[in-house]
Each structure stands twice: as C-alpha cells, then as structure tokens.
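The values are calculated or read from the model by the stated rules, or taken from the named source; none is laboratory data. A quick note: this is a predicted structure, and the numbers were derived from the prediction, not measured. No Cβ is skipped: glycine too gets one built from the backbone with ideal geometry, and neighbour counts run over all protein chains shown. Heavy atoms of the whole protein, side chains included, go into the accessibility calculation; ligands, DNA and RNA do not. Shrake-Rupley method; radii C 1.70, N 1.55, O 1.52, S 1.80 Å.
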Amino acid sequence: MQLEQYVEYDAFIFDMDGTLIDSMGQHQKAWVYALNKFNIPFTAQQMLAMSGKPTEQTVEILAEQANIQDLDVALISETKEQRYHQLVNQEVQVTPLIKVFEHYLGEKLMAVGTGASQQQAEMLLNKLGIAEQLQAIVGADLVARHKPAPDTFLKCAELMQVAPQRCLVFEDADAGIAAAQAAGMAYVDVRELWPANYFVEPL
C-alpha cells in the first residue's frame, strides 16, 4: 500500500464495515442466523449486491425479491443486529487500511461514513479506541437517503468543513463507490487492496 499517493487530499472518509473494520465475517454469520430464523431465502450474490445498505432496507429488498409479504421488518432487523453485536463484541479487528489512518493521523481530517447505525458505529469505533480521533462519525440514521445516495459522505464533509472535492473516500461496496461519485469525491476501492471477505463462500 503506497501511503504517499493520498497526500493531495485534505480529508479522508472511511466506510466502516469491511473497509476500516474487519467485521464482515460477523455480519455474514448474523445475516445467516436471522434470515434462516425467519425463513427468508437469499444467495451470496444477493447479499454482495446489497453490501453497504442499512439492515432494514436489505430485509425489505430480500422480501420483495422472494415475494414475501407481511414480514415484521423491524423484528428481523433487530434479530440480525442483536446477533451481530453478540459476535462482534467477542472480537473486532481493523483492516490493513488502519495504516493509512495512523500515517495521516493529525495531518488530515478524518471521518467515518457508514450504513451502520450511529450507535453501532460509535460503539465499534470506541471499542477500537479511534472514535475520539475522528472529526465526524455519520451513521445511517443521521441522513435521509442512504448509499448509493451521496448524503452520508456529504454530511461527513459538512461536519469536517471541507469541500467535497477535497475529500477522498475509502469504500468496499459498489453502493458506497456510487455515493462517493455522486458526492463529487475521489475514492479508493479497497477491494483492490486486499481480498474481499463478505459473502464470498457458498452459504
């Protein structure tokens, strides 16, 4: 990873799960648990396509694709999130991107813009000891429109008081990259930096 190639930007915005935090394995296990419990069919390809979307939106899309009606979306989402919290509290690790974070700490403004809830994002980032080093944390419940809409990243730029074109986004999902493009921001697809590990094995 060539760290100096990012020097021209004023601010960095990191997606969280799968980008800054290696928590995708726990997400996968939690999804499998919740969807199987409520008999909602899914494939690895479907889950990959929805990577980065909020939990309730993912449940709604899966239900629509399976032509399932009258689901308690909130209950299914809560079941998934509770299971995820159980798993991630056992162990949470950073990805290789932490080297970028550490290298530019104190030199660049930094934020996290995630499809996770604000509470979940703050909990995980505090657990890693990096929440206080960020200038902004923007969870899904702080914006009206989620990725691939640009709202999450634009909110990060607003809170950091940096022009969008001076921001560099680090992302691991197509929806997030589309959001960065829509925000007028440069981006790094971290899937090109290390192997992806989210729903890549047969389920």
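Looking at segment 139-148, is at least one residue in contact with a Cys (Cβ under 7 Å, 6 or more places away or on another chain) and under 29 Å from Ala49 (Cβ atoms)?
Start the filter on segment 139-148 by keeping residues that are in contact with a Cys (Cβ under 7 Å, 6 or more places away or on another chain), which leaves none.
The answer is no, given that none of the residues of segment 139-148 is in contact with a Cys (Cβ under 7 Å, 6 or more places away or on another chain) and under 29 Å from Ala49 (Cβ atoms).
Name the residues in segment 92-112 that are touching a residue at least 60 places away in the same chain (Cβ under 8 Å) and not hydrophobic (A, V, I, L, M, F, W, C), would you? Step through it out loud before you land on a result.
Our first condition is that a residue be touching a residue at least 60 places away in the same chain (Cβ under 8 Å); within segment 92-112, this holds for 92-101, 103-104, 108-112.
Correct list: Gln93, Thr95, Pro96, Lys99, His103, Tyr104, Lys108.
Is it the case, given these coordinates, that Glu4 is in a loop (DSSP other than H, G, I, E, B), free of Cβ contacts under 8 Å to residues at least 24 places away in the same chain, within 30 Å of Gln161 (Cα to Cα) and not small (Gly, Ala, Ser)? Don't jump to the end; show me each part of the working.
On the way: in a loop (DSSP other than H, G, I, E, B): no; free of Cβ contacts under 8 Å to residues at least 24 places away in the same chain: yes; within 30 Å of Gln161 (Cα to Cα): yes; not small (Gly, Ala, Ser): yes.
Here the answer is no, as Glu4 does not meet what is asked.
Of all residues in segment 99-116, count the ones that are surrounded by fewer than 17 Cβ atoms within 10 Å (Cβ to Cβ) and either in contact with a Gly (Cβ under 9 Å, 6 or more places away or on another chain) or under 17 Å from Val190 (Cβ atoms) (or both).
3
Of everything in segment 10-56, what is assigned to a loop (DSSP other than H, G, I, E, B), farther than 20 Å from Pro148 by Cα and in contact with a helix residue (DSSP H, G or I) (Cβ under 6 Å, 6 or more places away or on another chain)? Give them in sequence order.
Residues satisfying the conditions are Asp10, Ser23, Phe38, Ile40, Phe42.
Report yes if Ala34 is small (Gly, Ala, Ser), open to solvent by 70 Å² or more (accessible area, probe 1.4 Å) and over 25 Å from Glu158 (Cα atoms), otherwise no.
no
I'd like the residue in segment 1-24 that is under 20 Å from Asp174 (Cβ atoms) and of a type in the set (Gly, Ala, Ser) and, out of all such residues, is modelled with the highest pLDDT.
Looking at residues that are under 20 Å from Asp174 (Cβ atoms) and of a type in the set (Gly, Ala, Ser), I get Gly18.
Across segment 163-182, what is the number of residues that are modelled with pLDDT of 95 or more, aliphatic (A, V, I, L, M) and open to solvent by 10 Å² or more (accessible area, probe 1.4 Å)?
4
Would it be correct to say that Leu105 is closer than 20 Å to Phe153 by Cα and not polar (S, T, N, Q)?
Criteria met by Leu105.
I'm checking my understanding of the structure. Among residues of segment 138-149 that are buried (at least 22 other Cβ atoms within 10 Å of the Cβ) and of a type outside the set (Gly, Ala, Ser), which one is nearest to Val92 (Cα to Cα)?
Val138
Is it true that some residue in segment 70-88 is open to solvent by 10 Å² or more (accessible area, probe 1.4 Å), more than 18 Å from Ala34 (Cα to Cα) and basic (Lys, Arg)?
no
Can you name every residue in segment 187-196 that is among the hydrophobic types (A, V, I, L, M, F, W, C), assigned to a strand (DSSP E or B) and open to solvent by 30 Å² or more (accessible area, probe 1.4 Å)?
The answer is none; no residue qualifies.
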